Amino acid sequence: MQKKKYELTKEKKVIGTTTLYRIKAKISFRDVAKGELGGFIEAEKNLSQENDAMVYGDAMVYGNARVSGDAMVYGDAWVYGNARVSGNARVSGDAMVYGNARVSGDAWVYGDAWVYGDAWVYGNAMVYGDAMVYGNARVSGNARVSGNAWVYGDAWVYGDAWVYGNAMVYGKIKLQSILCSRFNFEFDWQIKLWNKLEKKFEAELKKKQIKIKGVVKWTPKHL
């Protein structure tokens, strides 16, 4: 029988009607030394005793949520409900993962980002800033969702896509390009039109000899 890697201490934190306990390492593993204090969990069901999964700092995991594999939850992050964080995934900062959400693979959710509902973030995907991913949305591959962007509904952001700014992607859209906008996108034809307009805009910039290198410089027509 494998020796338990951590135990619950008597240090408590109460969230509503739920009591959480700070954990303490019983053995050294990963970057954790024997006797080192970790974050807070409600019960052993929240953090696997196997592999190198760990809850650090003031992070909290409770309800039916579970952290397993080599996943890490740290900072002031919250993972609760029926959420799962697995593989080599990380949840940190003030991020929240809850509901039936899943974060797995090498994915990272951090900052003030929220992932909830039945959303999945996996692969090498990142969700950060004040971004929100929820509903049945999927973010995968090397995709990034950041800023104040929202991805929800049945949307799938994948590949090398990057959704940021105030962009909203929802419905049944599948996106694998860069998108930063104040507009909302619900249908694939909207994305295609936006990409077409961006290419046209870039072509016009080249015609007018505008060079963008951090600062926009305009070349007057008479020069």
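We did not get these values from a lab; they are worked out from the coordinates using the rules stated. In this text the structure is predicted, and so the values were computed from the model without any measurement. With ideal geometry, Cβ positions are generated from the backbone for all residues, glycine too; neighbour counts draw on all protein chains shown.
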Legend entry - Convex hull projection area averaged over all views, segment 21-128, Cα basis, nm²: 5.4 nm²
Legend entry - Under the Karplus curve 6.51 cos²θ - 1.76 cosθ + 1.60, θ = phi - 60°, whole-Hz ³J(HN,Hα) for segment 24-30, x wherever Gly or Pro sits: 9, 5, 8, 9, 8, 7, 6
Inset, instruction - Return the loop-located trypsin sites (Lys or Arg not before Pro) in segment 1-67 (DSSP other than H, G, I, E, B) with at most 14 other Cβ atoms within 10 Å of their own Cβ; answer none if there are none. - result: Lys3, Lys4, Lys26, Arg30, Lys34
Legend entry - segment 1-84: relative contact order in percent, alpha carbon pairs under 8 Å with at least 6 residues between: 21 percent
Inset, instruction - Give the long-range amide H neighbours of Gly38: residues separated by 5 or more places, or on another chain, with amide H under 5 Å away, using H modelled in the peptide plane at 1.01 Å from N. - result: Ile23, Lys24, Ala25
Inset, instruction - Sticking with the crude label model, points 7 Å out along Cα→Cβ, report the distance from Lys45 to Asp31 in nm, one decimal please. - result: 3.1 nm
Legend entry - segment 112-187 shape via C-alpha gyration tensor axes, a/c threshold 1.5: rounded
Legend entry - Under Karplus coefficients 6.51, -1.76 and 1.60, residue-wise ³J(HN,Hα) of segment 47-64 in Hz, glycine/proline x: 9, 4, 7, 9, 6, 10, 4, 8, 10, 10, x, 10, 5, 10, 10, 7, x, 9
Legend entry - Förster-model FRET efficiency, 22 Å R0, Val14 and Asp112, C-beta, rounded to 0.05: 0.40
Inset, instruction - Quick one: work out the % antiparallel among DSSP beta bridges in segment 1-78, nearest 5. - result: 65 percent
